[in-house]
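> I have a structure here, written as structure tokens, and I will follow up with some questions on it.
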Amino acid sequence: MTASASRDLTVTEVRLTPVLVADPPLLNTQGVHQPYTPRLIVEVVTADGITGLGETYGDTKYLELARPLADRLLGHRVDDLNRLFAEADEVAVDAARVSGQVDVGGLRGVQTADKLRLSVLSALEVACLDALGKSLGLPVHALLGGKVRDAVEYSAYLFYKWAEHPEGVTAEKDDWGAAVDPAGVVEQARRFTERYGFRSFKLKGGVFPPEEEIAAVRALAAAFPGHPLRLDPNGAWSVETSLKVARELGDVLEYLEDPTLGTPAMAEVAAGLKRAAPSASDQGGGGRRVGVPLATNMCVTTFAEIKEAFTRDAVQVVLSDHHYWGGLRNTQHLAAICRTFGVGVSMHSNTHLGISLAAMTHVASTVPNLHHACDSHYPWQSEDVLTERPAFEDGTVRVSDAPGLGVELDRDRLAFLHRRWLDDDGALRDRDDAAAMRVADPGWVRPAVPRW
């Protein structure tokens, strides 16, 4: 009898707990983060009383799918994940959630029915793997084939930022202060380095005119010579602006992430940089290397989007996200495809808690071709649902060898953050950066793209 057969791995209960978590006033091209962001905490309980943890987006469109998908797990074993994914298509998605949306090639976010289902399935899969690992006494990375590194490197995620949320908005204040110019960005990077030891930096752009963001990256390069730098304007630029910025910063950027919107436009930028590269050799000191790679977490978020992006050489680095892709095993599949086509791979991050950071760290530890530090919002999050926060040391997170994910739920904190969600009148249960910006600027409208 196998070890797993000697235990009852049948799922008897799935608990779904939406929470609202404090978020700083971080700026992006759409607006500003709301004072609280929704997340969904998933608990999968086996007949033996083992509880596995997962986490994903907590907006209404995900909550609508969470219960019917979770119900598919009941009565199945936590190691019966292929069946769950095969049955997921039978769960209907409200047509209003996807009607009229352009849903491929990075022209919108997670909008298709499949993408919405996968974002919920990711949390169920992680929770099942956590429960299975605890039942077998194995870490999640062992269930994925074993780790190839003992620590995973993360990048400091820099944002243009207000000192606090607009007047009248209740939220916990942070001690980071404002960052709305190059000096503020550099000071933010210094604090990240002092607190967590990060060795690479990513700036969320698309907030100010490109010239100001070029100046910020140049200031970072001067303050941290030799450190990898990334810039991500979330598709806010035209092809022409993207080429201009890439040429201006080609000597200091590790990669430029989603400078323009959609695979065809990204392919134009990549082709333009490739054409310019031979003439960019130094001719008496004035030339710059312009072959900066293009990265994405917008053009390639499903397997169906890979073919166009790779055959057109539109991207050279894919930033995976196990929430988008449907979990840790699909993340490994993506990494294998990227390796086959010579495309780099790293990890994207949205606002997340420690359960997701632990899951990211486990799967990242198993990917051989992970040559770029991963993104993580986690240092910005002052609240969590865990008894102990995962720690950054020298810009890395150690890979836990404890059973499962190696994290434990703090039920008092979970109840507190869930109570905040219950007490909300609905205004914050769906993330809307444009709505948050209108608190400070009533005339704000979501900018059309390209913005510059």
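The values are calculated or read from the model by the stated rules, or taken from the named source; none is laboratory data. This structure is a prediction, so every number in the text was calculated from the model and none was measured. Please note: Cβ atoms are built from the backbone with ideal geometry, for glycine as well, and neighbour counts cover all protein chains shown. We work out accessible area using only protein heavy atoms, side chains counted, and drop any ligands, DNA or RNA first. Shrake-Rupley method; radii C 1.70, N 1.55, O 1.52, S 1.80 Å.
> Quick one: in segment 411-452, which of the residues that are among the aromatic types (Phe, Trp, Tyr) and open to solvent by 60 Å² or more (accessible area, probe 1.4 Å) is farthest from residue 56 (Cα to Cα)?
452
> Would you check which residues across segment 316-341 are touching a helix residue (DSSP H, G or I) at 6+ places or on another chain (Cβ under 9 Å), over 21 Å from residue 139 (Cα atoms) and not in a helix (DSSP H, G or I) and list them?
Passing the criteria: 316, 317, 318, 320, 341.
> Yes or no: residue 446 touching a Pro at 6+ places or on another chain (Cβ under 7 Å), in contact (Cβ under 8 Å) with a residue 24 or more places away in the chain, assigned to a loop (DSSP other than H, G, I, E, B) and farther than 15 Å from residue 41 by Cβ?
When the stated conditions are applied, residue 446 does not pass them.
> While we're looking at this one, here's another question. Give the residues of segment 355-383 that are under 20 Å from residue 42 (Cα atoms), among the aliphatic types (A, V, I, L, M) and touching a strand residue (DSSP E or B) at 6+ places or on another chain (Cβ under 8 Å), sorted by residue number.
Those that are under 20 Å from residue 42 (Cα atoms), among the aliphatic types (A, V, I, L, M) and touching a strand residue (DSSP E or B) at 6+ places or on another chain (Cβ under 8 Å): 355, 357, 359, 360.
> Let me ask something else about it. Which residue is surrounded by the most Cβ atoms within 10 Å (Cβ to Cβ), if the candidates are limited to segment 355-372 and must be of a type outside the set (Val, Ile, Thr) and more than 14 Å from residue 396 (Cα to Cα)?
Filtering first and then ranking leaves 359.
> Does residue 263 satisfy the criteria of being open to solvent by 10 Å² or more (accessible area, probe 1.4 Å) and polar (S, T, N, Q)?
no
> List every residue pair whose Cβ atoms lie under 7 Å apart, where the two residues are 6 or more positions apart in sequence or sit on different chains, the first residue falls within segment 396-407 and is surrounded by 21 or more Cβ atoms within 10 Å (Cβ to Cβ), and the second residue, located anywhere, is aromatic (Phe, Trp, Tyr).
As it stands, the answer is 396/154; 397/154, since those pairs meet every condition given.
> Continuing with this model, one more query. Confirm whether residue 151 is crowded, with 23+ Cβ neighbours inside 10 Å and modelled with pLDDT of 95 or more.
no
> Between residues in segment 122-143 that are without any contact (Cβ under 8 Å) to a residue 24 or more places away in the chain and under 16 Å from residue 81 (Cα atoms) and residues that are in a helix (DSSP H, G or I) and of a type outside the set (Lys, Arg), which pairs lie under 6 Å by C-beta distance while being six or more apart or on different chains?
These pairs meet every condition: 143/129; 143/133.
> Do we find that residue 301 is part of a loop (DSSP other than H, G, I, E, B), modelled with pLDDT under 95 and either hydroxyl-bearing (Ser, Thr, Tyr) or farther than 30 Å from residue 27 by Cβ (or both) in this structure?
When the stated conditions are applied, residue 301 passes them.
> Report yes if some residue within segment 322-330 is surrounded by fewer than 16 Cβ atoms within 10 Å (Cβ to Cβ) and not basic (Lys, Arg); otherwise report no.
No: segment 322-330 contains no residue that is surrounded by fewer than 16 Cβ atoms within 10 Å (Cβ to Cβ) and not basic (Lys, Arg).
> What pairs come up if the first residue lies in segment 145-162 and is over 12 Å from residue 393 (Cα atoms) and of a type in the set (Val, Ile, Thr), the second is at pLDDT 95 or above and buried (at least 16 other Cβ atoms within 10 Å of the Cβ), and their beta carbons are under 7 Å apart, counting only those six or more places apart or on different chains?
148/365; 148/366
> Applying the selection to segment 201-215, what residues are surrounded by fewer than 24 Cβ atoms within 10 Å (Cβ to Cβ) and touching a helix residue (DSSP H, G or I) at 6+ places or on another chain (Cβ under 6 Å)?
Selection gives 210, 214, 215.
> From the list 69, 9, 81, which residue is farther than 22 Å from residue 142 by Cβ and open to solvent by less than 20 Å² (accessible area, probe 1.4 Å)?
Just a single option satisfies the conditions, and that option is 69.
> Of the residues 198, 192, which is part of a helix (DSSP H, G or I), at pLDDT 95 or above and under 18 Å from residue 153 (Cβ atoms)?
Answer to the check: 192.
> Would you call residue 45 of a type in the set (A, V, I, L, M), in contact with a helix residue (DSSP H, G or I) (Cβ under 7 Å, 6 or more places away or on another chain) and open to solvent by 10 Å² or more (accessible area, probe 1.4 Å)?
no
> Residue check: is residue 335 touching a residue at least 40 places away in the same chain (Cβ under 8 Å) and open to solvent by less than 10 Å² (accessible area, probe 1.4 Å)?
no
> Search segment 342-356 for residues being in a strand (DSSP E or B) and hydrophobic (A, V, I, L, M, F, W, C), and hand back the single one that is farthest from the chain's Cα centre (by Cα).
345
> Residues of segment 49-92 being in a helix (DSSP H, G or I), small (Gly, Ala, Ser) and more than 24 Å from the chain's Cα centre (by Cα), which ones?
86 - this is the single residue of segment 49-92 that is in a helix (DSSP H, G or I), small (Gly, Ala, Ser) and more than 24 Å from the chain's Cα centre (by Cα).
> Next up: Could you grab me the full set of residues in segment 240-255 that are within 14 Å of residue 274 (Cα to Cα) and aliphatic (A, V, I, L, M)?
Of everything in segment 240-255, those that are within 14 Å of residue 274 (Cα to Cα) and aliphatic (A, V, I, L, M) turn out to be 243, 246.
> Scanning segment 154-176 for residues that are within 20 Å of the chain's Cα centre (by Cα) and aliphatic (A, V, I, L, M), which turns out surrounded by the fewest Cβ atoms within 10 Å (Cβ to Cβ)?
Taking the candidates together, the pick is 158.
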